[in-house]
Structure formats: structure tokens, C-alpha cells
1. Can you name the number of the only condition in (1) in contact (Cβ under 8 Å) with a residue 12 or more places away in the chain; (2) over 21 Å from residue 38 (Cα atoms); (3) over 16 Å from the mean Cα position of the chain (by Cα); (4) surrounded by fewer than 21 Cβ atoms within 10 Å (Cβ to Cβ) that residue 117 fails?
2. Does residue 250 satisfy being small (Gly, Ala, Ser), outside any loop (DSSP other than H, G, I, E, B) and over 22 Å from residue 79 (Cβ atoms)?
3. For segment 13-29: of the residues being surrounded by 13 or more Cβ atoms within 10 Å (Cβ to Cβ) and outside any loop (DSSP other than H, G, I, E, B), which is modelled with the highest pLDDT?
4. What are the residues in segment 30-66 that are closer than 24 Å to residue 113 by Cα, over 12 Å from the mean Cα position of the chain (by Cα) and not in a loop (DSSP other than H, G, I, E, B), if any?
5. Out of the residues in segment 85-114 that are part of a helix (DSSP H, G or I) and of a type in the set (A, V, I, L, M, F, W, C), which is nearest to the chain's Cα centre (by Cα)?
6. Which members of segment 182-220 meet the condition of being of a type in the set (Val, Ile, Thr) and more than 19 Å from residue 245 (Cβ to Cβ)?
7. Could you please tell me which pairs satisfy a Cβ distance under 6 Å, a separation of 6+ or placement on different chains, a first residue in segment 63-88 that is under 12 Å from residue 26 (Cβ atoms), and a second residue that is in a helix (DSSP H, G or I) and hydrophobic (A, V, I, L, M, F, W, C)?
Amino acid sequence: MSNPVLASPPGDCCLKCFPHEGAPTGKFITIADVGTYIARPPTPAQENRVILYFPDVWGIDIFINGQLLCDYYASQGFLVLAIDYFRGDPVQLHRKDRQDTTTEPGFDYEAWKAKHQVFAAVAVPKWIDAVKAQFGTPETRYAAVGYCFGAPYVMDALSESTSIACVGAFGHPAFLNESHFNTCARPLFLSCAETDHTFPAASRHRAEELLTAGKRTFHIQLFSGVEHGFALRGNMDDPYERFTKEESASSIVRWFTKFM
């Protein structure tokens, strides 16, 4: 059966990043033999709402932007767990930006993506099971959020066959097919950029058609004037880019709160 691609693999645009400023407050632990960034909510009573965070190609282990975003979600009353499925090998160790050819001459971006996809396909389900065993109770509810590379793991968590999470969200996604939307069984928030090489307007419209046809619960948030990466790697010195990044995150919080 045909399963057209709607969000293509990460490209060179994913190598553009503006470092954010701040002091992360979470820490690193190991879950199912995989490094994990954990950010806790203000009170222990809020730890029965767990966000599973799936990073983009910049990872989580040395990427302050991702750590600060996890800290923000935690500050809003969630226990946040971010998996390092790159195992200490995020893309910035190989290429500092899209023009960089000197950090690692001959770096094979395609092979790097494929290697980590193979690992994640096996590691993510085991990691989720371990998270549920270590942090779950009969009252625990789970949400999933992912950016770019992390989007398919969100969709897997929302699928009819698993329904691991009761709600999910992604920002500027990659690696998605029509089947991800056909099988989505839980509320989905799509935070999107006007200019997105992985998830262009035609794909966004098709995703809307599929979700509507399936009578799914969803919301599409679209910001003009920004591009792929805005929700995680935008320029915080630009007032509008800062607004879109912060509005994306706060909207996801409200979406999660509604359905958890």
C-alpha cells in the first residue's frame, strides 16, 4: 500500500541554530541504558503528568536550547524526560552550521541520520517502558512532544496500536508519512512554520485533510515569517522570533493541560 511522505528527513536547514541563554536546572540520569535529561515540576504532586520529549538533531546532552525548553515545560507543572537517542553524538559535533565544511571534512549526514534512526527504533520503545515502570503510577498521564527528528516518536506514541500518550505535539516535523496521521488516535498539536523544507504547505494541508477525514482532535498553529527550527533554535534577539518560540511552547502547555 502506498504511504506517501509528508515530512521529509532533516536537511541542511536543520543545522542553523542560535544558542539560547540561561542556566539549565535539570540533570542527567540513565533510563533503559540511555542518557536522559530530567526536569522536575515545582511540586512532587505534579509528577503524575509526564512529558516524553524527543529531540531534534541537536540532541539534548550538550544542547542548552533543548534543556531550557524542557525546564520551561517542567516549570508549568510536568515531569519532563528527554531521551538522548544520539548517545552523545549530536549533529553539532560534526557540523557547526549549514556552511561548515571544516569541523569534520567528509561528514556523511545521511549515514549519521540513518545510524541514529536504527538505534532509536529499538531504544525508544524500551525507554518508554522503563519510564512507565520507574515513574508511572495508576494515575500517571503521559504526553509526547518532539521536534524535527523527534516527530515520528510522538506519532507512534499517539497511534491506535499503542496509545502510550493521551496527547501529543510536534514542532516543524521530519520523517512523517501519511500513515502517521491516519493512525493518530489522540489529540495532536502541530506547531508549524511558514517556510519549512521538511513540512511544506502542501504536506501540512494533506495532514489536515487526513486528520479531518479521520475525525481526529487536532490544532494547527502556523507562524508566518519564520522557518523550520523556529520553536527550538530561533534568534532570541529578534523580538518576533522570540515571540513565536515562546508562543509555540506556551500553546503546547495549554494543549497538554487540556487533555491531561
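The values are calculated or read from the model by the stated rules, or taken from the named source; none is laboratory data. Everything numeric in this text was worked out from a predicted model, so none of it was measured. Cβ coordinates were reconstructed from backbone atoms using ideal geometry, including for glycine residues, and neighbour counts include every protein chain displayed.
1. (3)
2. Working: small (Gly, Ala, Ser): yes; outside any loop (DSSP other than H, G, I, E, B): yes; over 22 Å from residue 79 (Cβ atoms): no.
In short, no.
3. Selected residue: 28.
4. Residues satisfying the conditions are 30, 31, 34, 35, 36, 37, 64, 65.
5. As a first pass, look at segment 85-114 and keep what is part of a helix (DSSP H, G or I): 91-93, 109-114.
Filter once more, so that each one left must be of a type in the set (A, V, I, L, M, F, W, C): 91, 93, 111-112, 114.
Details: 91: 16, 93: 20, 111: 21, 112: 18, 114: 18 Å.
Looking at the filtered set, the residue picked out is 91.
6. Narrowing segment 182-220 to residues of a type in the set (Val, Ile, Thr): 183, 195, 198, 212, 217, 220.
Those that are of a type in the set (Val, Ile, Thr) and more than 19 Å from residue 245 (Cβ to Cβ): 183, 212, 217.
7. Between residues of segment 63-88 that are under 12 Å from residue 26 (Cβ atoms) and residues that are in a helix (DSSP H, G or I) and hydrophobic (A, V, I, L, M, F, W, C), the close pairs are 72/249; 80/70; 80/74; 81/131; 82/70.
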